[in-house]
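Readers should treat all values here as calculations from the given coordinates under stated rules, not as data from a laboratory. This structure is a prediction, so every number in the text was calculated from the model and none was measured. FYI the Cβ positions are ideal-geometry reconstructions off the backbone, even for glycines, and counts take in every protein chain you see.
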Amino acid sequence: MLSDRLANALNKQMNKEFFAAHSYMAMAAYCEHDSYSGFAHFYVEQAEEERFHGMKIYNYLNDRGVQAKFSSIEEPKINFASVLDTFENALEQEKNVTKSIYDLTDLAWDEKEHATISFLKWFLDEQVEEESSFETHIDYLKRIGNDKNSLYMYEKELEKRTFTPDGD
Ligand code: MG
């Protein structure tokens with residue numbers, strides 16, 4: 001049986017993951033509006049991945065006999081200065097999620113809730129990948145700068161991205 005404190009913290013994290021999906025959809029919409037369809041596609045896939053994260057916690061709560069609580073989702077940032085700016089915002093968002101997974105893990109340790117500690121390990125590993133991936137995209141986009149041809153080619157690369165729960 002999970003304590004109320006831990007159940008509430010997991011619930012909060014679940015909502016955070018769904019908020020992340022919402023936020024990535026706003027980035028997709030920004031890119032699509034400027035006809036950067038490849039980047040828009042990348043963010044739609046990223047949103048799909050965040051929903052998968054949210055569902056992972058939803059299923060865990062169910063498995064542990066806790067009813068998941070959905071809260072209202074705040075309005076995400078919708079205005080950006082550039083495609084690069086969306087990636088910089090995305091990295092900040094992921095760093096924020098990493099911090100909250102760390103806090104959640106601290107709480108699970110505090111309660112010696114070993115099954116939850118084990119469950120959260122997947123998320124800790126995932127966050128390392130998420131941050132690294134956005135850092136790489138930012139480095140490339142900065143290197144590309146105003147070179148439209150390179151930007152176009154990079155966009156075509158990202159357009160190929162498809163989210164699959166096991167890979168990626
Ligand atoms: Mg996530």
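The mean sequence distance of close C-alpha pairs (under 8 Å, at least 6 residues apart), as a share of the length of segment 1-120, puts its relative contact order at 33 percent.
When the GluC sites (Glu not before Pro) in segment 34-105 are filtered for DSSP coil states and for at most 13 other beta-carbon atoms within 10 Å of their beta-carbon, the remaining sites are Glu74.
Dipole size of segment 104-168 about its Cα centre, with +1 on Lys/Arg Cβ and -1 on Asp/Glu Cβ: approximately 420 debye, rounded to the nearest 20.
Taking 0.36 nm per residue of separation and subtracting the current Cα-Cα distance, fully stretching the chain between Asp4 and Arg143 would add 45.2 nm. Amide H contacts of Ser3: none lie under 5 Å away among residues 5 or more positions distant or on a separate chain (H built 1.01 Å from N in the peptide plane; Pro and chain starts excluded). In percent, rounded to a whole number, the relative contact order of segment 25-74 is 23, using alpha-carbon pairs under 8 Å and six or more apart. Shown in residue order for segment 132-148 are the 3J(HN,Hα) couplings computed by the Karplus curve 6.51 cos²θ - 1.76 cosθ + 1.60 at θ = phi - 60°: 5, 5, 5, 4, 5, 4, 5, 4, 5, 5, 5, 5, 5, x, 9, 6, 4 Hz (x for Gly and Pro). Expressed in units of 2.2 N^0.38 Å, where N is the residue count, the Cα radius of gyration of segment 106-168 is 1.67.
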